[in-house]
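The values are calculated or read from the model by the stated rules, or taken from the named source; none is laboratory data. Every value quoted in this text rests on a predicted model; they were computed, and no experiment measured them. No Cβ is skipped: glycine too gets one built from the backbone with ideal geometry, and neighbour counts run over all protein chains shown.
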Amino acid sequence: MNPTTLKLCLMAVLSLVGIGLYGLMICRNLIKMVIVLQILVKAAALGLILAGQMSSQINLGQSLGITVIVADTIVAVVGMALAVQVQRRLGTLDVDALSSLRG
Amino acid sequence: MLEAILFALPILTALLAGIQAIRTRSLIRSALWLAGVSASIAVLFYMLGAHQVAVIELSVGAGLVTVLFVFAIGIAGAEIQPQRPIVPKTLAWVLILVAILLLAGFALPFATTVQHSTEPETTSVFWQQRGLDVIVQVVLIFCGVLGLLGVLAEEKAPLDQPMVDEIAAERERDLRNLEYQSSQSMVSSQQGQTR
Amino acid sequence: MATFLMLLTIGLPWIGAICVWWIGDRRPRWQHILATGFSVAAGAASILLLAFSSSGVALRIPVGGFFGDFTLVPDGLGVFLAVIAAVVGSLAVIFSVDYMRGKQQLGRYYALILLFIGAMAGLGLSGSLLFMFVFWEITAFCSYALISFHNDDPKAVAGGIKALIVTQLGGIGLLIGALIIRSQTGNYQILDFLANAASIQPSILNLIAFGFLAAAVAKSAQVPLQTWLPDAMEAPTPVTALIHAATMVNAGVYLLARFYPAFRDVPGWATSVVTIGLLSGLLAALMALVANDIKRCLAYSTVSQLGYMVYAVGTGSVFASQFHLLSHSVFKALLFLSAGAVIHIVGTRDMREMGGLGRDMPFVRAVFVIGSLALVGLPIANGFFSKELILEGGLMHGPRWAYIGMLLGAGITACYTLRMVSMVFYRKRGSVKASHDAPVAMRISLGTLSLGVFTTWLLAGAFGELLTGSLPYHQLQTSKTFDLALELLNAPATWLALLVILLGFALWMMHKQLKPLIVFLRPLSRIAENRFGFEHLNQGVIRIARSLSSVLRRTQTGQLNWNIVGIVGGLGIVLALLTWRI
Amino acid sequence: MTYPSFLWLIALPLVTAPLVYLAGRLGKRIGQRVLAQGAAIASLLAAWMPFILASVELRIYGPHSFAAEAISLRLDGMGLLLAGLSLGLGTLVVLFSGSYMANEAGEEKYYAMLVAMIGVMIGLGCTGDLFNLWIWFEAMAVSSYLLVAFYRDQPASLEAGIKYLVQSAAGSVLVLLGIGLVLSQTGTLDLMEILTIAETSPLMLAAGALFLIGFGVKTALVPLHTWLPDAHAQAPSGISAMLSGVVIEAGMIAMLRSLLALTGVESLWGPLLMGFGALNMLAGNLLAFGQKQVKRMLAYSSLVHIGYMLVGLGITFYAGESGGAQGGLFHMLNHGLMKGMAFLAAGTLLYALHLSLGDHKPLLIADLAGAAKRYPIAALTLSLAVLGLGGLPPLAGFMSKWQIFVAGFETHNAWIGALVAFAALNSVFSLAYYAPLVNAVYRLEPSESVLSGKPLSGLMKVPLIVLGLATVAIGIWPALLDWLTVPAGATVLVGLGG
């Protein structure tokens, strides 16, 4: 693989991670935070595929990528379920309202 | 160079979609932008030669997850949030820039393709060589499903409107209590300091 | 045999502790009987142990790589400490039968006292630094738990926690010393360390010496860590007598005496020890002069007397310090217990409310006066001989300025003792009255102890033999009791000291005429009442911890976004730290 | 083909977890609510058999691995230690939960998840493959989300659950990035191979940092710890015991395994671990100081103890002697026992004073006043636990701290000596918040909640007594656990090439 492309892809991974972490710091809606987590997971999966590509073991990379996608889908589903439950019990999804545990 | 430009297209769309997913105020739109990220990443996967993952990403990432999100938003209601973030935006920017630039500094200049022993041509890596991953994944799915059941299962009837109000009122009371307590503790700590 | 007796001395009280706890608070009679039985048995075992003292390791149990061997060594110093703990302990337990009658949670009370007695004996007998530290900490724990025995009283709780934390802070010195010794000599055996001390690098030996000194200062309530002892007076009085007068506070002096041969030549060590002893001896005596709470007054006096012992170690008179330790445990236990009898009967600790109590409780008055004689250091009482021995040693081997200070201390001691006796038992009648004299069990322990005041000095010769016979690294100068007494009575220093003591008496007698002097001393007494500012220091540390804590608790915002900031920030910091490795 | 017994040890809880769930459903239908608990107990007791066999095998054959195609599972000291800890504490927690969870909906899910979580943690300790480690780690996280947010009607519990989920998911993404970097450079995921192949390069440094932070979220290193007090305080008490006693330790084992594979790359991991250790001790103590809720205070004290473990492990990483790691792992075991005991004892009191009355208020220290009179066992074990955590001898916590300190001084390094002194100072400081708890418990005047509390069932006391005896026994005879800690310490050394 072309080194320029490689660096471009790596930059893409890092930027996506940056966007994701930024989103986690900025977003106040719980469901949106779960969405942002998914962006992070995409970045990680891309990173793994890229790693497979870099070490010329694309199938290994694919295998890891699939596992990550499936596993983190489960996490997202549980997260969504929790968010929905929060909405039901508290009537809001705002992070700020969800800060009774402090100090 | 041409290859780089070819790659840059899906990358740029992915980044743009990601930014939009964060910026938009509507939850539904945000979920749809996520699907956009997913789709462009799937294209990228394909270009990188990871064909199976590309398919899975399209079906699971762009398809299933989006549907689930839309479903969840439907249940929870597309609440519009106050715009002002809790963490100052500048702080978030600075932190992200520092962390990501440092990471890039560590990774980018030194990233090269390394030729290792070639792997078997079969596509059986997933099912056979990494079979244990699959088994653990099954455990994980079991836990996830059980978790979903546990969180959502309703033995009482789902909430009807009065109960929501009641809980909201309770929350109001709690919050007021909390504020009162924190102001009290502030006062007492100040008193402690002046003493 | 020695092994068996040692195990009995440590083990009997602990078994007793478990039994008393197990029996439960529904059968208080049995609790009294069991506690008395076990403590007296331990006392008997410890006395028998005196006959078997030797310098060798009597019991060795390997515990495992990092923990070395658990050893018991029945040498003179250790056996002596064990005897004091077990004997005074059993007397305190007997006293408690009356003192604690009808109180709640007796199981906890007796179990902790018995646990303490066993641990104190173990502290003396252990030949391994690690296990010495273990016993050291157990005694600190028991002291804490007993000080705050009346948990409903916030003052008692605060006092207990303060005692625990201050002694533990000092304990860090012992811990670090022990760890350094292990890293230098490869094991924790005290005997090995004393044998090889000269071969350890001086700078490291320095660290050990001052670490141990810190531990001793905290445990023996010496300046500047003395503030916990007055606050420890919230404990039930038998506990005070046992732990905060007769035994645990002696552990610091014991530690210094035990390791004196190793640290003797460390530059500055002996001077620091002398200085600390002098400061404690003088300042605490001044504080005793202005205290109005009878137990606090006695507590300051304890600090002051411990100062004498520390001073003695510093001037090289190890024997004198241990001899004074013996006398002091007897007469101070007596004083505390008789004060306890007074408090138990009249229900207050404030001396200003007392007065003229002597007529109602002649027995208590008699024993209290006997104890005071010894505290002041008048002839025939044991305190006289040991204190004179210390002063003589100080005159011969120590610096002159310190000797003068200690002599002055003797005068102040006389002054505050007389003040105490007159305020409580003589003077005109105060606002409280005593309904009866001390009951039987109290009389037994008070009587035994006052007998001890007149007799323990006769043991000087035997005690000296015990020490010289079993301590391979200490160079002690001892002689027969008779010679010792004769020598003391012939020494001019003794007469000088007695003169100073008489001056001290006179000072109190004329305190009404000495108005100008008192006016002159008033600022000093005010400072003394504030405990020379050490209390402020203490409070300051607590305040800083509290405000730091509240600042840090504000960072726990509970808002998820801020939590993520923590993660990203952490990543940034670690990466930034790693950049200089590229 | 023969399977080594540790495979059974991993598989048994994982296979029986669904059965536990089914038994619970069945029990619900026929009105036998204890069926789920019974099944869980049976499953864990059955797992003890392979555990004993595995420990015997480890002693006879030394560390041995089982290759499942490309992924190797490996039983070594560290894996056995984690297995022993999670199995031991897990069994006691299941015993304890009988009456604690009796009034809650969805017991069968609770027990099934608990059994699955134990199995997952055993697997996590035994894996020899970097990516496999991640997926076990993720499975552990997923299995604990529901357990944290088990009181799904309680807003506070949901709040704790979702915070926990978001933060650990963010952490796990960082781990994945690290795995990607390692894979791209070495071309392999096997930890042993990585150790031999890996060369010093900035990419590997970045990977190490990502592992440290990614796993550090679960291990609760200080700036990343914010989820911990919420999750530990809001979970049902049995789960608090598991989270604090085993789960964060499992996170630490995962971190160790990944960092050990990179020791050839960089020598800075040791000082970094020690630095985080010092930070954890200080911040944890300050945060726990002045805390009024019992469970929250205990949660913060977990931070402090993580600090001690990190110091011990950091010493070994730095100096290459096994003592520090052995001490750190010994402390891990002891912390599991003592913190487990503390949370269970606090849990019995919480149950008796609040929960059994249908009240989800947090347990305050003031509520405990005078508890000793009505609940002597719970009061005694709670006191024992906190005093042991504070490092008073002769309780287990003292011995492991001592061992860490000894190892620190063995290095003859002044900085490490100062760090040990700092750790000892923190140990004393911690008494400032542990001691008032003990005092409160033994007050004579009971609080209102104690007066109105319900009596306790006998079965709840059994785990407390077992843990209390263990704490004292280990304190008196620390060599009792050498069969677990010595091989575990040796494992760390193997990674360091010693």
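Go through the range C:145-179 residue by residue and tally those that are within 7 Å of chain D (Cβ to nearest Cβ), assigned to a helix (DSSP H, G or I) and among the hydroxyl-bearing types (S, T, Y). Adding up the residues that qualify gives 0. Take the conditions (1) at the interface with chain B (Cβ under 9 Å from one of its Cβ atoms); (2) at positive phi; (3) under 16 Å from the mean Cα position of the chain (by Cα); D:A220 misses just one of them, which is (1). Within the range D:28-46, one or more residues are crowded, with 24+ Cβ neighbours inside 10 Å, at pLDDT below 90, touching a helix residue (DSSP H, G or I) at 6+ places or on another chain (Cβ under 6 Å) and farther than 23 Å from D:T471 by Cβ.
Per-residue answers, yes or no, for (1) at pLDDT 90 or above; (2) buried (at least 24 other Cβ atoms within 10 Å of the Cβ); (3) within 8 Å of another protein chain (Cβ to nearest Cβ):
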| residue | (1), (2), (3) |
| --- | --- |
| D:G180 | yes, yes, yes |
| D:G187 | no, no, yes |
| D:I194 | no, yes, no |
| D:A198 | no, no, no |
| D:G214 | yes, yes, no |
| D:L224 | yes, yes, yes |
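Taking (1) modelled with pLDDT under 85; (2) over 21 Å from C:N490 (Cα atoms); (3) in contact with a helix residue (DSSP H, G or I) (Cβ under 8 Å, 6 or more places away or on another chain); (4) not β-branched (V, I, T) in turn, C:L378 satisfies each apart from (2). Quick one: would you say D:Y375 is touching a residue at least 24 places away in the same chain (Cβ under 8 Å), surrounded by fewer than 24 Cβ atoms within 10 Å (Cβ to Cβ) and in contact with a Pro (Cβ under 9 Å, 6 or more places away or on another chain)? Answer is no for this residue.
When C:I161, C:I165, C:I181, C:I172 are checked against the criterion of being in contact with a Ser or Thr (Cβ under 8 Å, 6 or more places away or on another chain) and at negative phi, a single residue qualifies: C:I161.
Which numbered condition trips up C:V40, out of (1) in contact with a strand residue (DSSP E or B) (Cβ under 8 Å, 6 or more places away or on another chain); (2) surrounded by fewer than 20 Cβ atoms within 10 Å (Cβ to Cβ); (3) assigned to a helix (DSSP H, G or I)? Going through the list (1) in contact with a strand residue (DSSP E or B) (Cβ under 8 Å, 6 or more places away or on another chain); (2) surrounded by fewer than 20 Cβ atoms within 10 Å (Cβ to Cβ); (3) assigned to a helix (DSSP H, G or I), C:V40 breaks only (1). Regarding D:A170, is this residue among the hydrophobic types (A, V, I, L, M, F, W, C), within 11 Å of chain B (Cβ to nearest Cβ) and buried (at least 24 other Cβ atoms within 10 Å of the Cβ)? Considered against the rule, which asks whether it is among the hydrophobic types (A, V, I, L, M, F, W, C), within 11 Å of chain B (Cβ to nearest Cβ) and buried (at least 24 other Cβ atoms within 10 Å of the Cβ), D:A170 comes out as no. Among the criteria (1) at pLDDT 90 or above; (2) within 24 Å of C:G124 (Cβ to Cβ), the one C:T271 does not fulfil is (2). Taken over the range C:420-458, the criterion of being within 23 Å of C:S329 (Cβ to Cβ) and basic (K, R) is satisfied by C:R443 alone.
The single condition among (1) crowded, with 16+ Cβ neighbours inside 10 Å; (2) within 24 Å of C:L486 (Cα to Cα); (3) in contact (Cβ under 8 Å) with a residue 60 or more places away in the chain that C:G461 does not satisfy is (3).
Tallying residues that are in a helix (DSSP H, G or I), within 11 Å of chain A (Cβ to nearest Cβ) and on the phi > 0 side of the Ramachandran plot within the range C:533-582 yields 0.
C:W508 - would you say it is at pLDDT 70 or above, in contact with a Cys (Cβ under 6 Å, 6 or more places away or on another chain) and in the same structural domain as C:V79 (by TED's automatic domain parsing)? Against the criterion (at pLDDT 70 or above, in contact with a Cys (Cβ under 6 Å, 6 or more places away or on another chain) and in the same structural domain as C:V79 (by TED's automatic domain parsing)), C:W508 qualifies. Restricting attention to the range B:44-58 and to residues that are small (G, A, S) and at the interface with chain A (Cβ under 7 Å from one of its Cβ atoms), the residue that is nearest to the chain's Cα centre (by Cα) turns out to be B:A50. Of the residues screened, D:F317 is not one that is touching a helix residue (DSSP H, G or I) at 6+ places or on another chain (Cβ under 6 Å), part of a helix (DSSP H, G or I) and within 14 Å of another protein chain (Cβ to nearest Cβ). Taking the criterion of being more than 14 Å from the chain's Cα centre (by Cα) and in contact (Cβ under 8 Å) with a residue 40 or more places away in the chain, the residues of the range B:2-36 that qualify are B:L6, B:F7, B:R25, B:S26, B:I28.
Just to be sure before I move on: is D:L273 within 20 Å of D:G307 (Cα to Cα) and surrounded by fewer than 24 Cβ atoms within 10 Å (Cβ to Cβ) in the structure I sent? Considered against the rule, which asks whether it is within 20 Å of D:G307 (Cα to Cα) and surrounded by fewer than 24 Cβ atoms within 10 Å (Cβ to Cβ), D:L273 comes out as no.
Being buried (at least 18 other Cβ atoms within 10 Å of the Cβ), over 24 Å from C:D192 (Cα atoms) and not basic (K, R): is that true of C:G16 here? Spelling it out, C:G16 is indeed buried (at least 18 other Cβ atoms within 10 Å of the Cβ), over 24 Å from C:D192 (Cα atoms) and not basic (K, R). Of the residues in the range C:53-74, none is assigned to a helix (DSSP H, G or I) and over 25 Å from C:F133 (Cα atoms).
Scanning the range B:20-57 for residues that are in a helix (DSSP H, G or I) and of a type in the set (K, R) turns up B:R23, B:R29.
Put simply, of C:A198, C:A221, C:A232 the only residue that is closer than 21 Å to C:V313 by Cα, part of a helix (DSSP H, G or I) and out of contact with any Cys (no Cβ under 9 Å at 6 or more places or on another chain) is C:A198.
Of all residues in the range C:405-440, those satisfying the criterion of being touching a Lys or Arg at 6+ places or on another chain (Cβ under 9 Å) and small (G, A, S) are C:A410, C:G430, C:S431, C:A434. Evaluate the following for B:V67: is it free of Cβ contacts under 8 Å to residues at least 24 places away in the same chain, assigned to a helix (DSSP H, G or I) and more than 9 Å from every other protein chain (Cβ to nearest Cβ)? For B:V67, the condition - free of Cβ contacts under 8 Å to residues at least 24 places away in the same chain, assigned to a helix (DSSP H, G or I) and more than 9 Å from every other protein chain (Cβ to nearest Cβ) - is met.
Residues that are within 30 Å of D:I474 (Cβ to Cβ), crowded, with 24+ Cβ neighbours inside 10 Å, β-branched (V, I, T) and more than 24 Å from the chain's Cα centre (by Cα) do not occur anywhere in the range C:47-66.
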